[in-house]
Amino acid sequence: MKIDSFFKRINRTSDMYLFLWVSIFLAVIWPHQAMALIFTVTSTADTVDIFPGDGFCTTGAGVDCTLRAALQEANALGGAHTINVPAGNYALTRVGTNEDAASTGDLDVTTDVIIAGAGNGNTIINGNGIDRVFDIIGAGTAVTITDVMIQNGNLTMAAGNQNGGGIFVTIGATLTMSDVTLTGNTAVDGGGILNNGTLNVTRSSLSSNTATDNGGGIFNNLTMTLTESTLDGNSAGIRGGGLTQQGNAALTNLTISGNTAAAGGGGMDNTAAAGVPVVLLNCTIADNIDTNGSPVGGILNNQTINLQNTIIADNTGRDCSLSGTFLTDDNNLDSDGTCGLSDPNDLPNTNPRLGNLADNGGPTETQALSDNSPAIDAGSNTNCPATDQRGIARPQDGDNDSNAICDIGAYEVEAAGGGGGGEVIFGGSSGGGGGIACSLTPQARPSVPIYFFIPLILGLRMLFRKLVEKI
Ligand SMILES: [Ca+2]
Ligand SMILES: [Ca+2]
Ligand SMILES: [Ca+2]
Ligand SMILES: [Ca+2]
């Protein structure tokens, strides 16, 4: 239709006001990009958004919002958004690896998003063996994942990038993960996670993940903090059953237990470059296995690791390799004398009398110290974290001599009679809602597409014409 004839048709006052009102209405309701949206997933189906970028998470099947659709919508809008994922089993079914638009295979995240489940036993995101589960993409992308289980990602059958079975973090991206269980994921390197960016893990369990090469639980290439978490039952076909470590790493209140590697470092393999800080503070590295002929079940260290208040014990073969350097800040314990512990308050060649990995309270499993463990009150209060891995306050007077001193390892024995501290209660799960389709916060507003201004422009033009006619 020609513009002139269009104007002739609508050249009446009522049409003009209609255009004005429509344009004002659209401008008001249209979400602006700078504001954060909150999407609430309403379906466990694995279907795509019908129109990514319109501000609404809608798959076209009724009003359902799926996890994949919510990510597509968030990615298309850009900015920072929140996706609440209620309890349920969210299995990926859209086959297609090496795709980065969240349309097939893994769930690609290219903008800042908080993905909040309803608890790591309730919200289960299942890779279903068709690809990895999450792909965190792009320099500056910051993603937070809480209160979900991530399982059954598998990349070993695919061509292309076969690393990071549960999650892959690209260069420049940041993943912050808390209260997450990551289990049963498989890849070539980094069965659970491969990190090329920044990885922060808190109060999480990485268990029974598999790397056919290195890093069963995690393969870290750049920057990583692991806090109040457990890596257990992970395996590697070559090195680093629990963890392969090639970057900057701060491990605090961490348990690495019962992991297996075929060629060294059942618990952990460290090849960070010289001078890159690798610090283990109040960690317990125990019962890890190396199936190699000259095994190092605990830590295979080819560079430098700084140990503080840390237990390395009961691993098959050797607790530590001889090839690297262990800088100890005192107050460490090993069970076979292989970790080079020589400071006055170190306890080399000492049985820490650890319990088996078990639920001892707190969000993750730990290995308790038995009542007569030599690790009790044998740590240093310098740099001692404010709680143990479970959230129990440190230090406590575990040997009942009226002197509260930090224990060695990730577990703090509570003082008899409850003196010396108490449990620190962490915030609860951020649960997903339910029932209502993709909900927008009232202030949620992406930018207005230019075509929404067309009625406004036409209306103003008509208003101008009317004024000219009256003059
Ligand atoms: Ca949409
Ligand atoms: Ca991808
Ligand atoms: Ca994908
Ligand atoms: Ca103590």
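The values are calculated or read from the model by the stated rules, or taken from the named source; none is laboratory data. Bear in mind the structure is a predicted one, so any value in this text is a computation, not a measurement. Neighbour counts are summed over all protein chains in view; Cβ atoms, including those assigned to glycine, are modelled from backbone coordinates with ideal geometry.
Brief remarks follow.
- Some residue of segment 134-145 being within 16 Å of ligand 1 (Cβ to nearest atom), part of a strand (DSSP E or B), buried (at least 24 other Cβ atoms within 10 Å of the Cβ) and under 13 Å from the mean Cα position of the chain (by Cα): no
- Test: residue in segment 374-387 that is in a loop (DSSP other than H, G, I, E, B), modelled with pLDDT of 50 or more, of a type in the set (S, T, Y) and crowded, with 20+ Cβ neighbours inside 10 Å: no
Here's the yes/no breakdown for (1) at pLDDT below 95; (2) in contact with a Lys or Arg (Cβ under 9 Å, 6 or more places away or on another chain):
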site	(1), (2)
G164	no, yes
T181	no, no
N200	no, no
T227	no, yes
N248	no, no
T260	no, no
G275	yes, no
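- Hits in segment 225-240 - residues which are buried (at least 24 other Cβ atoms within 10 Å of the Cβ), within 17 Å of P385 (Cα to Cα) and without any contact (Cβ under 8 Å) to a residue 40 or more places away in the chain: L226
- Out of D401, D371, sole residue that is in a loop (DSSP other than H, G, I, E, B), modelled with pLDDT under 95 and not hydroxyl-bearing (S, T, Y): D371
- Among the candidates G119, G96, the residue that is over 23 Å from T176 (Cβ atoms), more than 16 Å from ligand 4 (Cβ to nearest atom) and not hydroxyl-bearing (S, T, Y) is uniquely G96.
- For segment 287-325, residues that are without any contact (Cβ under 8 Å) to a residue 60 or more places away in the chain and either crowded, with 24+ Cβ neighbours inside 10 Å or outside any strand (DSSP E or B) (or both) total 27.
- When G417 is tested against (1) of a type outside the set (D, E, K, R); (2) part of a loop (DSSP other than H, G, I, E, B); (3) surrounded by fewer than 22 Cβ atoms within 10 Å (Cβ to Cβ); (4) modelled with pLDDT of 70 or more, only condition (2) is not met.
- Contact map, segment 375-404: first residue under 17 Å from A416 (Cα atoms) and among the basic types (K, R), second residue modelled with pLDDT under 95 and buried (at least 19 other Cβ atoms within 10 Å of the Cβ), Cβ cut-off under 7 Å, separation 6 or more or different chains; pairs are R394/G421.
- Picking from residues in segment 63-77 that are touching a residue at least 60 places away in the same chain (Cβ under 8 Å) and in a loop (DSSP other than H, G, I, E, B), the one that is nearest to ligand 1 (Cβ to nearest atom) is C65.
- Any hit, segment 199-221, residues being charged (D, E, K, R), under 17 Å from the mean Cα position of the chain (by Cα), closer than 23 Å to N383 by Cα and assigned to a strand (DSSP E or B): no
- When V279 is tested against (1) under 25 Å from N185 (Cα atoms); (2) within 26 Å of the chain's Cα centre (by Cα); (3) assigned to a strand (DSSP E or B), just one condition goes unmet, and that condition is (1).
- Selection count where residues are more than 10 Å from ligand 3 (Cβ to nearest atom), in contact with a helix residue (DSSP H, G or I) (Cβ under 6 Å, 6 or more places away or on another chain), hydrophobic (A, V, I, L, M, F, W, C) and assigned to a loop (DSSP other than H, G, I, E, B), scope segment 93-113: 0
- Filtered residues of segment 202-224 (kept if buried (at least 24 other Cβ atoms within 10 Å of the Cβ) and farther than 20 Å from I299 by Cα): S204
- Once segment 146-174 is narrowed to residues that are within 14 Å of R203 (Cα to Cα) and part of a strand (DSSP E or B), the residue that is farthest from ligand 3 (Cβ to nearest atom) is T146.
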